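Read through the structure below, which is laid out as structure tokens, and then see the notes.
Please treat every number below as a calculation from the coordinates, not as lab data. Bear in mind that the values here come from a model prediction, so they are computed numbers and not experimental data. Please note: Cβ atoms are built from the backbone with ideal geometry, for glycine as well, and neighbour counts cover all protein chains shown.
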Protein chains: 2
Amino acid sequence: MSKLEDMQNLLNRATALEELQRVTEHLREHYQVNHVVYHWVNSVGERFGCGTYTTDWIDRYLEKDYLHIDPVIHGCFQRFNPVDWKSLDWSSKPARAFMKEAIEFGVGTQGYTIPMRGPNGQFALFTMNHTCSDEDWAAFIDKQQRDLILVAHGFNQRALAMEEGVFPLATPSLSPRELSAMTLLAKGKSRAQAADEMSISEHTLRVYIESARHKLGAMNTTHAVARSLAIGIIVV
Amino acid sequence: MSKLEDMQNLLNRATALEELQRVTEHLREHYQVNHVVYHWVNSVGERFGCGTYTTDWIDRYLEKDYLHIDPVIHGCFQRFNPVDWKSLDWSSKPARAFMKEAIEFGVGTQGYTIPMRGPNGQFALFTMNHTCSDEDWAAFIDKQQRDLILVAHGFNQRALAMEEGVFPLATPSLSPRELSAMTLLAKGKSRAQAADEMSISEHTLRVYIESARHKLGAMNTTHAVARSLAIGIIVV
DNA sequence: TTTCTACTCCCCAGAAATAGCGAGGCCGGA
DNA sequence: TCCGGCCTCGCTATTTCTGGGGAGTAGAAA
């Protein structure tokens, strides 16, 4: 039994954010790296995180709205596979300034981040970073890659399980015609065009949009389509 | 070197659908199961698949539009973690009829499906199924779980890499104000409300929406917001 | 059987979005 | 320095959407 499996067991029993936090600390010990962080955006846009960053750095990050500068966030949003920080675009001036400041706060110069996406638009990142040479880091990643993916998945499963406790997965169910309507609108069709494609009158189409809107608790058509996409009941 | 690692290497070199197909066949041999299937919906809603199902079954599946009945699809859309088919809801009449027919076409009675989500709304499923007892299947899954997750990831990485060849990831870049506008609209705000929140005149807001629309190649506001969400440049 | 949901169609008035036109200031890169 | 992108504001006319109100069918569930 490796230490890692012990940690996975610990992870699988975690039911609160503090327990995930503790796992990140154990992982840091185990891998002997600067930091281990897991954070995510849930289905209603709230952000959560746990990890070994100092509160100073987290406060700084939030205060300066680095979410919109951090190339790791940008890069991971565009990718499925894990991302080595070296492969990201650090060419812009704010990005470099951000990196410089991060290092001052103890963040490693080398980093590896695994993006994950869940139902209802959930998006999460599992990051490990360290200060060492490119070669050492490459060797480390090469060796641990698989384990890191599995650990990251473990984190996300627990996080999603915690959410289900809070948001009991009340996905509104739209009828087939309502879904078609939402899909066509999401594709940019006007009501007239959508009605035409569905071979119904525009009046009828409007009824579907309305009822979909009500089911989704949306303020207007755009909102309804946005929610449909976000909760994954339609795909463009 | 296990056989599995050989297969992962094979997978990592795959550049076309046929090669993925071949890997599914190898996996079926290796694990001695009825079927191995990987299929996905890409960023523009096109569907692709490869695996060991018979063409008869695939044709039947498409013909009867089973995508909208199959509880595996439904269940996986709502989940992040891998799904054992037994844990799904087979209570509805069409679902049971579907399962019965699937078995007639050689699909296993036991199944395990791993859902995956990528950037730009990509959604994929990796499935392994077999006909055996509950106990044997549980033991098999328990033993292979980790490897299956890694293999599934391998498939998805290759599939996404193939897509980038076809859709060169030309993500339009919106200005900060344009992004704010899109985000507020996605949250259900009207133009007046959004303008108010951004502390600008509604006329100005309109300019942002218009320019965002043009950058995104969208037909109307709803379409622009839908695209922004789908390509992941905003989060609700 | 009754009830419920889904699907289809219709009208109207007011609110909102769209498609054009225009203007000026600011900042950063070529 | 000039060009381009970004941010801000204005006008008009037309089209589209929204939010109410109806009403009838069919099929499935209770």
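Structural remarks
- Amide hydrogen neighbours beyond the local backbone of residue B:132, cut-off 5 Å, H modeled: B:109, B:110
- Counting only other chain Cβ atoms within 10 Å of each residue's Cβ, the peptide B:215-228 averages 5.
- Modelled this way, with points 7 Å down the Cα-to-C-beta line, the labels at residue B:235 and residue A:141 are 2.2 nm from one another.
- Note on residue A:48 and residue A:219: with the Förster distance fixed at 35 Å, the Cβ-Cβ geometry gives a FRET efficiency of about 0.85.
- Only helices enter the 222 nm calculation for chain B: every DSSP H run of n ≥ 4 contributes -39,500 (n - 2.57), and dividing by all residues gives -17500 deg cm²/dmol, rounded to 500.
- Count Lys and Arg as plus one, Asp and Glu as minus one, and take only other residues whose Cβ is under 14 Å from that of residue A:134; the net charge is then -3.
- Based on C-alpha pairs under 8 angstrom that are at least 6 apart in sequence, the stretch B:90-133 has a relative contact order of 36 percent.
- For chain B, a Gaussian network of Cα nodes joined below 10 Å ranks B:88, B:27, B:62 by mean-square fluctuation, and the top entry is B:62.
- What separates the residue A:89 label point from its copies, with the point 7 Å along Cα to Cβ, is 4.3 nm, written shortest first.
- Across peptide A:138-150, the mean count of Cβ atoms from other chains lying within 10 Å of each residue's own Cβ comes to 1.
- The relative contact order of the stretch B:176-230 comes to 34 percent, based on Cα pairs under 8 Å that sit 6 or more residues apart.
- Contour excess over end-to-end distance, with Cα ends at residue B:87 and residue B:201 and 0.36 nm allotted per residue: 35.8 nm
- Other residues with beta-carbon under 14 Å from the beta-carbon of residue A:215 carry, at +1 per Lys or Arg and -1 per Asp or Glu, a net charge of +1.
- In this assembly of identical copies, the label point of residue B:191 (Cα plus 7 Å along Cα-to-Cβ) is separated from its counterparts by 1.7 nm, sorted shortest first.
- Only Cα pairs under 8 Å and 6+ residues apart enter the sum, and on that basis the relative contact order of chain B stands at 18 percent.
- A Gaussian network model of chain B, with springs between Cα atoms under 10 Å, assigns the largest mean-square fluctuation among B:157, B:193, B:145 to B:193.
- Vicinal HN-Hα couplings computed from phi for the stretch B:141-152 (Karplus, 6.51 cos²θ - 1.76 cosθ + 1.60; Hz; Gly/Pro x): 4, 4, 6, 9, 2, 4, 4, 5, 4, 5, 5, 4
- The mean number of Cβ atoms from other chains found within 10 Å of a Cβ in peptide B:69-81 is 3, as a whole number.
- In nanometers and ordered shortest first, the copy-to-copy spacing of the residue B:69 label point, defined 7 Å from Cα toward Cβ, is 5.6.
- Residue A:60-residue B:100 pseudo-label distance in nm [points 7 Å out on the Cα-to-Cβ vector]: 6.6 nm
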